[in-house]
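*Asks:* Below are the structure tokens for one structure; questions will follow.
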Amino acid sequence: MKQNLLIIGSEGSIGKYLVKFFKKKYKIFKIDINFNKLNNKPFKKINLSKKKVSNVKFKNKIDLVICLSFNLKFNSISKKKYFYEGINIINNTLKIIKLNKIKKIQYFSSFAVYGKNFNYNEEKDTPKPFTNYGKLKLICENKLIKFSKKNKLQHQIFRIPNVYGPGIKSSIIYKFSKNKAHKIPVVLNNKGSSLRNFIHINDLAKLSEKAFKINNSGIFNASAKKNYSILQISKMLKVKYIFNKKGLDEPKRILGNSLKAKKIFKWVAMKDLKSFSKS
């Protein structure tokens, strides 16, 4: 019999991919603020950013949950509202988990929690986020860890770099490709020298699948083997570019290794950005 998997944030680009990836392995339940008329039940349309959300209880027993809902409006709303809505989202997510007695939790975090660390970030490093996005992700991580320990639940937090692949419209790869199609040059900061890591959505989905099968809690980096500068990416995609003449306070390196995930889950990222750019 299939286990029941709840995906909170099912209508985002990552959520949609995971729904397709897991639909043959699990019975999928979904929660999102956006409703798609093509959605199959069971789906609940809920705005988790509100202070109070009514009791969200599924009739079926939920075995696993992937938490994706997050406030991405850090550039378009005030700092106060950004954190207010973001903290509501994680608090309401944890209420749903508790009410449905879910025992295994996966939360997708970000390399942004590490901040301006020029070294390869490891899970044991002290996070020092400098962006509001990174600070909010760290708050969510800490709330989830505290909640899981108190309720004796399994929690797996994946700190991920840039995600790309089919349907991932939030990725820089998608944005650069869109600029190329419209013959619009991209603007590169730091002369395009900033180094980043890029993980394919399918590799991330496989990590999620492997991790659910192992009873191990903790924080895990999820990164690809190779890193690329933004200038290299521009050239790989053959997109026109110009350099931003204004100085920008942007980290030169946001990198990390996945040795812990490799050891515990026997997982390594298989896809490389260079191969994807040629497809």
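The values are calculated or read from the model by the stated rules, or taken from the named source; none is laboratory data. This one's a predicted model, so the numbers in the text were calculated from it and none came from an experiment. Reconstructed Cβ throughout: ideal geometry from the backbone, glycine too, with neighbour counts over all protein chains shown. The area values use the complete protein model at the heavy-atom level, side chains included, leaving out ligands, DNA and RNA. Shrake-Rupley method; radii C 1.70, N 1.55, O 1.52, S 1.80 Å.
*Asks:* Pick from segment 1-19 the residues that are touching a strand residue (DSSP E or B) at 6+ places or on another chain (Cβ under 6 Å) and of a type in the set (D, E, K, R): which of them is modelled with the lowest pLDDT?
*Replies:* Lys2
*Asks:* Which one of these is free of Cβ contacts under 8 Å to residues at least 60 places away in the same chain and either open to solvent by less than 50 Å² (accessible area, probe 1.4 Å) or within 21 Å of Tyr228 (Cα to Cα) (or both): Phe198, Phe118, Phe83?
*Replies:* Of the residues listed, the single one that is free of Cβ contacts under 8 Å to residues at least 60 places away in the same chain and either open to solvent by less than 50 Å² (accessible area, probe 1.4 Å) or within 21 Å of Tyr228 (Cα to Cα) (or both) is Phe83.
*Asks:* Something else: Examine segment 20-30 for a residue that is under 17 Å from the mean Cα position of the chain (by Cα), in a strand (DSSP E or B), of a type outside the set (A, V, I, L, M, F, W, C) and modelled with pLDDT of 95 or more, and state whether such a residue exists. Write out each step before concluding.
*Replies:* Step one: filter segment 20-30 for residues under 17 Å from the mean Cα position of the chain (by Cα), giving 20-22, 30.
Cutting the leftovers down to in a strand (DSSP E or B) gives us 30.
Okay, now just the ones that are also of a type outside the set (A, V, I, L, M, F, W, C), so 30.
Next, only the ones that are modelled with pLDDT of 95 or more stay: 30.
Within segment 20-30, one or more residues are under 17 Å from the mean Cα position of the chain (by Cα), in a strand (DSSP E or B), of a type outside the set (A, V, I, L, M, F, W, C) and modelled with pLDDT of 95 or more.
*Asks:* Can you name the residue in segment 238-257 that is part of a loop (DSSP other than H, G, I, E, B) and open to solvent by less than 20 Å² (accessible area, probe 1.4 Å) and is also nearest to Asn119 (Cα to Cα) among such residues?
*Replies:* Top of the filtered list is Leu255.
*Asks:* Now a separate question. What residue, among those in segment 75-106 that are assigned to a helix (DSSP H, G or I) and more than 23 Å from Ser54 (Cα to Cα), is nearest to the chain's Cα centre (by Cα)? Don't jump to the end; show me each part of the working.
*Replies:* Taking segment 75-106 as the starting set, the residues that turn out to be assigned to a helix (DSSP H, G or I) are 79-99.
Narrowing the set further to residues that are more than 23 Å from Ser54 (Cα to Cα) leaves 79-80.
Details: Lys79: 21, Lys80: 22 Å.
Within segment 75-106, the match that is nearest to the chain's Cα centre (by Cα) is Lys79.
*Asks:* Which one of these is over 21 Å from the mean Cα position of the chain (by Cα) and surrounded by fewer than 21 Cβ atoms within 10 Å (Cβ to Cβ): Lys191, Lys226?
*Replies:* When all the criteria are applied, what remains is Lys191.
*Asks:* Same structure, new question: Pick out the one residue from Lys206, Lys235, Lys150, Lys175 that is in a helix (DSSP H, G or I), closer than 26 Å to Thr126 by Cβ and open to solvent by 80 Å² or more (accessible area, probe 1.4 Å).
*Replies:* When all the criteria are applied, what remains is Lys150.
*Asks:* If we scan segment 60-74, do we find a residue that is open to solvent by 20 Å² or more (accessible area, probe 1.4 Å), farther than 22 Å from Tyr107 by Cβ, in a loop (DSSP other than H, G, I, E, B) and free of Cβ contacts under 8 Å to residues at least 24 places away in the same chain?
*Replies:* No, every residue in segment 60-74 fails to be open to solvent by 20 Å² or more (accessible area, probe 1.4 Å), farther than 22 Å from Tyr107 by Cβ, in a loop (DSSP other than H, G, I, E, B) and free of Cβ contacts under 8 Å to residues at least 24 places away in the same chain.
*Asks:* Could you look through segment 50-59, keep only residues that are surrounded by fewer than 16 Cβ atoms within 10 Å (Cβ to Cβ) and in contact (Cβ under 8 Å) with a residue 24 or more places away in the chain, and pick out the one that is farthest from Lys27 (Cα to Cα)?
*Replies:* Lys51
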